[in-house]
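Reviewing the structure listed below.
Taken together, the values in this text are just the output of simple stated rules run on the coordinates, not laboratory data. Nothing here was measured: the structure is a model prediction, and the numbers come from that model. Note that we place each Cβ from the backbone using ideal geometry, even for glycine, and neighbour counts take in every protein chain shown.
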Amino acid sequence: MSHEPRRALFVFRKLVVGGEETEVRLLAKNLDPRRYRIEVVACVRKPGMPEQTHRQIEELGVPLDRTPYGLSPEEKVGYLAEKVGGYDVVVACQSVPYVYPALERLAPEARPPLIEHGGLVSEVFETPKHLTTRYVGVCRTIRDAAASLMPDRTHHAIEIPPMVDLSEFDPANRRGVREELGVPEDMPLIGWVGRLERKKQVEDFIRAAAIVHDAHPQARFMVIGGRAVSMPEYADELRALARDLALGDALRFLGDRADVP
């Protein structure tokens, strides 16, 4: 019996600061390395994309392959076709367009099982499903969309909500962080965390902050997360909204923070 760890390759369309990237880090921290070995390959790099997740993944000892960054789309497919055959399972995140063509170049017996992980309903419909062993959606709506494409095996589409590692939240750090942010202990502090994308409707949080601030002027608000490369203007619109609502110093945009899981 072989005692070699099972090798899982996570294929990302792009590496930003988001839920799927966080989940890879949590898995790397918590899976027994004697049984499982996680590796990551990222396919697309655009100017302005954060480096934070790259550093965090590599600091955990997870091999991160950036080779596809310098390749054409066709070359990315060829590179992945040569790479994926050596793994026990492939996990495709963000509807990577190169994974299916890469797998289809391999003989059926050489193809590792494919798990697709989706965080948007639109991602579900961007790839076929005949080679997808399991589809994992972060909510019921995404799971149901995937199941509709696998009518003979709907049970292969499952829902797993995003993971949160509560051990990251140490109450002992509370005082120091408040001091850093200039927020006294007795001042209410309310935060929003996530990448600044329209689908997350951050404007609702900002409008709610204005309502709360009118009733409780001492309250302070933080928006934690960087601008999305695909829609950088949205971050500017949010800042303009905060100004229009006269929130002033009561609401701050902190950008990406490595100390927020």
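Here the Karplus relation 6.51 cos²θ - 1.76 cosθ + 1.60, evaluated at θ = phi - 60°, turns the backbone of the range 39-51 into coupling constants of 10, 10, 10, 10, 9, 10, 10, 10, x, x, 5, x, 8 Hz, with x for every Gly and Pro.
The lysines whose alpha-carbon is closer than 20 Å to the alpha-carbon of Lys46, local same-chain residues fewer than 8 away aside, are Lys14, Lys76. Couplings 3J(HN,Hα) for the range 122-136, derived from phi with the Karplus relation 6.51 cos²θ - 1.76 cosθ + 1.60 (θ = phi - 60°), are 4, 5, 4, 8, 8, 9, x, 10, 5, 9, 7, 6, 9, 10, 10 Hz, where x marks Gly and Pro.
Legend: Rg and Dmax of the chain, from Cα coordinates, 20.8, 67 Å. For the pair the range 146-190 and the range 1-70, the centres of their Cα atoms are 19 angstrom apart.
When you filter the GluC sites (Glu not before Pro) in the range 115-222 for DSSP loop state and at most 10 other Cβ atoms inside 10 Å of their Cβ, you are left with Glu185.
For the range 175-186, backbone phi angles converted through the Karplus equation (6.51, -1.76, 1.60; θ = phi - 60°) give residue-by-residue couplings of 4, x, 5, 5, 4, 4, 7, x, 10, x, 4, 8 Hz, Gly and Pro being listed as x. Mean sequence separation of contacting Cα pairs (under 8 Å, at least six apart), scaled by the length of the chain, corresponds to a relative contact order of 14 percent. Amide hydrogen proximity for Met222: with H placed 1.01 Å from N in the peptide plane, the residues at 5 or more positions away or on another chain lying under 5 Å are Ile190, Gly191, Trp192, Arg252. The modelled label-to-label distance for the pair Val229/Thr133, using points 7 Å beyond Cα in the direction of Cβ, is 3.0 nm. Sparse packing (at most 11 other Cβ atoms within 10 Å of the Cβ) combined with a DSSP loop state is found for the following chymotrypsin sites (Phe, Trp or Tyr not before Pro) in the range 141-233: Phe169. When peptides 19-32, 65-78 are sorted by average Cβ neighbour count within 10 Å, with the highest value leading, the order is 19-32, 65-78. Projected onto planes of every orientation and averaged, the convex hull of the alpha-carbon atoms in the range 170-255 covers 5.8 nm².
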